[in-house]
Amino acid sequence: MTMSNTAAAGNDNKALITFFTLVIILSLAAEAFIVNGGPLWMYFVLMWIPAFSAIIASAVSLKGDKEKFSLKSFLSGLGIRKCRIRYILLAVLIPLVYLLIPYMIYWKTHPNNFGYTGVALSLILKDCLPALIIGIFPGILSSMGEEIGWRGYMLPALTERSGLKKALIITSLFWCCWHLPLLAFGDYMAGAPVWYKLPAFVLCIFPVGIIIGGLTYLSKSVWPAAFLHAAHNNYDQAVFGMITRGDDMMYYVSETGFLTIICAWVIAIIMIVKVKDIAAKEENRI
């Protein structure tokens, strides 16, 4: 390794350390504020801390490299690039699969807990379909903040150092752990005891992180990640969760249900196989 390469590697490490330091300290402060009765808008602030940390880290990297500033390359370094529309479509369809199937099973086995029991399918679609589609777009305003940090900056930065497989695992685990204070001490995913929802949440959201990371790798853009994240939150929290009741529902569906865990892992495995295939083809070209 030449001196220039060593300096570049050291600068990249400094940028990554800056990212982790900022995102951990600022997130813990925001989460502490939230669990102690902070206003709802603090959730929005929290979700943009990863993006803020990534922007600062990218600036540190550019300063160390002493390159001439280019807005296009700066945004590209955060994953903000164009992508094919098929990846956006996949991003909104994939969470529909791993969330709707568990909810449908729960509604079928617990008909009294479904808000539309006995109602015609046409009426259900008329009520829910607009919310399923339209609700995604305002959600992007917040999900983009997280995804610029996690999949726009952190995933490729770790991929350069440890390879795609380890980067996907570390990014997904870090994303899971980032939520845990809100589950342990706040009212996030209320309805299940802490001893259950902490491991169940990790088992559910880890494969979702793999799916989002894989889609980011395939699309070379953070936009599908933001759309999938926003669609996931909208489908689960604003649509399916709103028409479902039951003291035991969190054991079956949403982000702690065993049915969702199974469905998410199935799709994650499919995504891993697809990503490995594409990565192998790219290596053969090189």
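Observations, loosely collected:
- Selection count, region 178-200, where residues are within 12 Å of Thr256 (Cβ to Cβ) and surrounded by fewer than 23 Cβ atoms within 10 Å (Cβ to Cβ): 14
- A single member of Ser53, Ser61, Ser73 is at pLDDT 95 or above, polar (S, T, N, Q) and in a helix (DSSP H, G or I), and it is Ser53.
- Residues that are without any contact (Cβ under 8 Å) to a residue 24 or more places away in the chain, within 16 Å of Ile243 (Cα to Cα) and in a helix (DSSP H, G or I) do occur in region 97-107.
- Residues that are assigned to a helix (DSSP H, G or I) and over 16 Å from the mean Cα position of the chain (by Cα) within region 205-250 comprise Ala238, Val239, Phe240, Gly241, Met242, Ile243, Met249, Met250, listed in sequence order.
- Scanning region 84-104 for residues that are surrounded by fewer than 17 Cβ atoms within 10 Å (Cβ to Cβ) and closer than 17 Å to Leu259 by Cα gives Leu96, Val97, Ile101, Met104.
- The residues in region 56-83 that are under 18 Å from Leu155 (Cα atoms) and either in contact (Cβ under 8 Å) with a residue 24 or more places away in the chain or of a type in the set (Ser, Thr, Tyr) (or both) can be counted, and the count is 14.
- Test for Ile80: is it closer than 22 Å to Ser172 by Cα and part of a loop (DSSP other than H, G, I, E, B): yes
- Each residue in region 176-196 was checked for being of a type in the set (A, V, I, L, M, F, W, C), in a helix (DSSP H, G or I) and either in contact with a helix residue (DSSP H, G or I) (Cβ under 7 Å, 6 or more places away or on another chain) or on the phi > 0 side of the Ramachandran plot (or both), and 8 of them qualify.
- Remark: Leu90 matches the filter, which requires a residue to be in a helix (DSSP H, G or I) and touching a residue at least 12 places away in the same chain (Cβ under 8 Å).
- When Leu215, Leu173 are checked against the criterion of being farther than 27 Å from Asp247 by Cα and in contact (Cβ under 8 Å) with a residue 60 or more places away in the chain, a single residue qualifies: Leu215.
- Flag for Ile169 being crowded, with 17+ Cβ neighbours inside 10 Å and among the β-branched types (Val, Ile, Thr): no
- Any hit, region 233-241, residues being in contact with a strand residue (DSSP E or B) (Cβ under 9 Å, 6 or more places away or on another chain) and farther than 15 Å from Ile211 by Cα: no
- Residues that are under 23 Å from Cys128 (Cβ atoms), part of a helix (DSSP H, G or I) and of a type in the set (Gly, Ala, Ser) within region 251-286 comprise just one, Ala264.
- Among residues of region 224-249, those that are more than 20 Å from Tyr116 (Cβ to Cβ) and either touching a Lys or Arg at 6+ places or on another chain (Cβ under 8 Å) or crowded, with 24+ Cβ neighbours inside 10 Å (or both), counted: 9
The values are calculated or read from the model by the stated rules, or taken from the named source; none is laboratory data. Just so it is clear, the model here is predicted, and its values are computed rather than measured. Using ideal geometry, Cβ is built from the backbone for each residue, glycine included, and neighbour counts are taken over all protein chains shown.
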